[in-house]
Amino acid sequence: MTVLDGRPPTAVAHPLQRLSADEIDAARELLARTGLVTGTTRFALLALAEPDKAQVLAHRDGDPVDRRVRAVLLDVATGRSRVVVASLTRDTVDTVTDIDPAVDGQPPIMLEEYAAADEIVKADPGWVAAMARRGITDLDLVRPCPLSAGHFDLPGEAGRRLLRVLSFVQHRAADHCWAHPVDGLVAYVDLTERRVVELVDHELLPVPEEEGNFDDPAYTGPPRTTLKPVEITQPDGPSFTVDGDAVRWEGWSFRVGFDPREGLVLYLLSYAGRPVIYRASIAEMVVPYADPSPVRFWQNYFDAGEYLLGHQANSLELGCDCLGEIYYFDAVLADGLGHPHRIPNAICMHEEDFGVLWKHTDLFTGSRETRRQRRLVVSFFVTVGNYDYGFYWYLYLDGTIAFEAKATGVLFTSAYRRGSRWASEVAPGLGAPYHQHIFNARLDMMVDGLTNAVDEVEVRPVPIGPDNPYGNAFTRHATRIARESMGARMADNSVGRFWQVVNPTRVNRLGQPVGYALYPQGTPVLLADETASVARRAAFATRHLWVTRYHPDERYPAGELVNQHPGGAGLPAYQAADRDLDGADVVLWHTFGMTHLPRPEDWPVMPVDTCGFVLRPVGFFDRNPTLDVPPTHARSGHHGCA
Ligand code: NI
């Protein structure tokens, strides 16, 4: 066994503890020693292979842990790839599975391939000539973008490792290229053969000239001077405690995880020792574009499965990204060569005042009580090309759990054609194609235990009749989602539809099964035609909710290897088993997102737009669980808020 720092790399306190730099080193060493790593092998992904839920729940302090890793290896010389599962504890490779890229999809896009795409197109005489036809000769100022290829059954593409490359141009090194799309031209690049396999030079379009340098005072004008400082102080420190990856705050407890693909993961989320969610993450997101032109029809980026959200995480800065008493977690991931790479301050955690929690002024007793809401925020931010996304989990004093995605950064632009049905004009001659940002949250529920069931609840009007002579009645209507064949659902805000996870074996003091309900925003699902490639590959995005029975291998809404996958994997495949869901260990997969018709105000940098969802306790508690929240003191000096 490899021993590092005098201890085995597997001496971990908890089976879900994040992989350490030592463990990443040990994993690379084991795979190299067993002949799986050569000079041309890359680690497209290396992650903790999480033990089965039953093992994790049975774990007690001091129990031995079998630390396993899962690696997706790519030989960049041959294009051959495989999935390896190995045990660091037992120092053995457990499984090696070859990938057939035409059937299984390709490993995710790697950082070094961004640079490769740049070199490959700039070495292609056809692409250089196409640039010259557009008046662009200084190729050092051209920024080719490494864009995932999708799967379109185009001739000659089966099995190739591809990127499609659209380009932008800078006026100088500090000029943001997104203002100057070089449109009408796309290069299809084979990353293994390192050459352009097809150049689509569809039409000459003018390159928009106006600059969009939001970081240049010459463009923005002088900063305003009217904003007075806001200082957030917690003189006694924050109310949470951290022990390794384990966090406790105001009744809540959970473990922080960080996966190369999903980024932040919350494990074993419990309130007062009662489990609510075993594992929560944003397991996929896709950004499908609406422009059907021959140069852009293929634009659908799966930012988790193709680009790996965790690897795109920013290092956050106090006073900029996060205000107040902040606790940061670093992230450690394996780079393309399998070496540990630290992202300092990748995860931000802090408390926020969130306005009024509850309040009443009583007409009859004269009582006047107000309590303030507070939330714990656990977040990280990624940059995926032009866009930046924040992923924010919120825990509230009253048992509410919420998630919010924040989208900002720069629009993906095009040359604007007057009267376009697929794009907005956001600056003179500059287009921004319509698109969606669609997320899928995987919520492995565990409401007060593993025996759960899901009801679809809505309100229904009741016709006038003997029971309802004046027509005022309306009622709650619940339908049990009993099997997976019923498990793909649509939101409907016109009837206030939500999904309530109950534990039929646990009741509150009123005899009702304890529950937590998911409240969707009900924004549009995938708008592409149901026969489109992206609708097969992102089938998860065609419904607001999917319910499946827990299976340890079912982790990804669009399947294991998303890059260039033909489709049909993930949720549709999981649900085909039509397993029983009533009184089972269930997983909710919730689709939500933004449909973005870009505005002039989104240029040259987009103010944050948000989407998300809320989970609230419904009969989980016997009454309002925040009656013990003390009053704060009024600033007026007369008396307290109470
Ligand atoms: Ni957008």
Gained length - LEU597 relative to ILE232, 0.36 nm times residue gap less alpha-carbon distance
127.8 nm
Amide H partners (placed H, <5 Å) of ALA423, local residues excluded:
TYR434
Before I look further, what does the stretch 518-616 give for accessible area per residue, probe 1.4 Å, in whole square angstrom?
36 Å²
At a 1.4 Å probe radius, carbon and sulfur cover how many percent of the accessible area of the chain?
53 percent
Using just the helices of the chain, give the 222 nm mean residue ellipticity in deg cm²/dmol: DSSP H runs with n ≥ 4 each add -39,500 (n - 2.57), and the total is spread over all residues, rounded to 500.
-2500 deg cm²/dmol
Assuming R0 = 35 Å, can you tell me the calculated FRET efficiency for the pair HIS360 and THR225, based on Cβ-Cβ distance, to the nearest 0.05?
0.25
Say R0 is 25 Å: what FRET efficiency, to the nearest 0.05, do ARG33 and LEU111 get from their beta-carbon distance?
0.50
Label zone at VAL128, where the point sits 7 Å out along the Cα-to-Cβ direction: the stretch 192-235 residues whose backbone N lies under 14 Å
196
Per residue, how much accessible area does the stretch 111-220 have with a 1.4 Å probe, in Å²?
44 Å²
Ordering 361-372, 494-505 by per-residue average of other C-beta atoms within 10 angstrom, highest first, gives 494-505, 361-372
Spin-label point model (7 Å from Cα, Cβ direction): what's the ALA573 to ASP215 distance in nm?
4.1 nm
Residues of the stretch 369-406 with backbone N under 19 Å of the label point set 7 Å from the Cα of ASP353 along Cα→Cβ are 369-377, 395-398
Distance (nanometres) between label positions extended 7 Å along Cα→Cβ at ASP622 and ASP330:
4.7 nm
Express in whole angstrom the spacing between the alpha-carbon centres of the stretch 422-483 and the stretch 120-171.
42 Å
Per-residue accessible area for VAL85 at 1.4 Å probe radius, Å² rounded to 10?
30 Å²
For VAL507 paired with ASP94, estimate the spin-label separation in nm (one decimal), with each label point 7 Å from Cα along the Cα-to-Cβ line.
4.1 nm
Using a ≥ b ≥ c from the Cα gyration tensor of the stretch 2-99 (square roots of the eigenvalues), is it rounded, prolate or oblate, where a/c under 1.5 gives rounded and otherwise the larger of a/b and b/c decides, a/b for prolate?
prolate
Show the residues, 5+ positions off or on another chain, whose built amide H is closer than 5 Å to the amide H of VAL332.
ILE343
Using a 1.4 Å probe and counting only protein heavy atoms, arrange ASP245, ASP118 so the residue with the most accessible area comes first.
ASP118, ASP245
If you plug each phi of the stretch 218-233 into the Karplus form 6.51 cos²θ - 1.76 cosθ + 1.60 with θ = phi - 60°, what whole-Hz ³J(HN,Hα) values come out, in order, with x for Gly and Pro?
5, 8, 7, x, x, x, 5, 10, 9, 7, 7, x, 10, 10, 10, 10
Taking a ≥ b ≥ c as the square roots of the Cα gyration tensor eigenvalues, with a/c under 1.5 meaning rounded and otherwise prolate when a/b beats b/c or oblate if not, the stretch 241-617 comes out rounded
Say R0 is 51 Å: what FRET efficiency, to the nearest 0.05, do HIS171 and ASP492 get from their beta-carbon distance?
0.55
Interchain or long-range residues, amide H under 5 Å from VAL507's placed H:
VAL514
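The values are calculated or read from the model by the stated rules, or taken from the named source; none is laboratory data. Nothing here was measured: the structure is a model prediction, and the numbers come from that model. Don't worry about glycine lacking a Cβ; one is built from the backbone with ideal geometry, like all the others, and counts go over all protein chains shown. With ligands, DNA and RNA removed, areas are computed over all heavy atoms of the protein, side chains included. Shrake-Rupley method; radii C 1.70, N 1.55, O 1.52, S 1.80 Å.
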